[in-house]
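Student: The structure is given below, and queries will be raised subsequently.
Just so it is clear, none of the values below were taken in a lab; they were calculated from the coordinates. Since this is a predicted model, take the numbers as computed values, not measurements. Please note: Cβ atoms are built from the backbone with ideal geometry, for glycine as well, and neighbour counts cover all protein chains shown.
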Ligand code: SF4
């Protein structure tokens with residue numbers, strides 16, 4: 001995604017530049033995690049800019065908006081009627097849980113179950129919020145992560161069930177702090193955009209020496 005806006009202080013890569021305090025930053029990240037579903041970050045930026053300009057990038061103010069106004073503000077993020085329902089559901093849940101302070105008091109597994117119970121929040125969105133907004137040490141398994149590990153030589157990565165793969169990666173991560181996992185996730189996405197695209201640009205890739213796909217070793221290639 002990267003952005004020219006400020007990043008979350010202490011938490012690399014995910015931008016959250018409109019908020020002025022920890023609660024606002026965490027909520028802005030959670031909003032971005034919902035809006036980034038099925039679109040690119042540039043479109044999310046436009047929707048966040050609209051919410052900021054309308055002075056409603058805040059849980060209570062979002063809930064005060066009617067659906068039409070909210071949908072219009074987030075229209076640039078695409079699928080805006082679906083995302084209006086999802087954003088409202090996440091915001092109601094966020095506020096009902098007591099915001100950042102209430103959420104920080106709960107263990108990670110309980111938070112994940114809570115997130116997955118919110119309308120429109122799947123595994124990837126839940127882990128985006130856990131990692132970047134709530135600073136919990138979890139792997140975010142997105143298309144880029146699956147593709148990279150698959151090509152590096154872990155053949156079952158592409159189709160493996162999300163939670164099994166995430167648990168497995170976490171088990172094999174040395175000192176899995178939230179900051180480290182956020183940095184790695186950011187690096188994986190940047191690497192996927194620069195080199196490991198759908199049609200990979202292996203020339204000059206820093207992982208070429210240890211990559212099964214890049215060396216023509218992948219089965220069926
Ligand atoms: S060598 Fe090619 S396939 Fe392997 S990680 Fe790099 S870009 Fe991706």
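Student: Could you tell me which residue of segment 143-166 is nearest to residue 214 (Cα to Cα), considering only residues that are in a helix (DSSP H, G or I) and away from the ligand (no atom under 14 Å from the Cβ)?
Tutor: 156
Student: So, one more: With the structure loaded, tell me whether residue 109 is at negative phi, more than 16 Å from the ligand (Cβ to nearest atom) and touching a residue at least 40 places away in the same chain (Cβ under 8 Å) or whether it fails that test.
Tutor: Here the answer is no, as residue 109 does not meet what is asked.
Student: Moving to a separate point now. Could you check how many residues of segment 167-221 are closer than 14 Å to residue 151 by Cα, touching a residue at least 60 places away in the same chain (Cβ under 8 Å) and more than 8 Å from the ligand (Cβ to nearest atom)?
Tutor: Within segment 167-221, residues that are closer than 14 Å to residue 151 by Cα, touching a residue at least 60 places away in the same chain (Cβ under 8 Å) and more than 8 Å from the ligand (Cβ to nearest atom) number 3.
Student: Kindly provide the set of residues from segment 151-165 that are touching a residue at least 24 places away in the same chain (Cβ under 8 Å), crowded, with 19+ Cβ neighbours inside 10 Å and in contact with a helix residue (DSSP H, G or I) (Cβ under 7 Å, 6 or more places away or on another chain), ordered by number.
Tutor: 165
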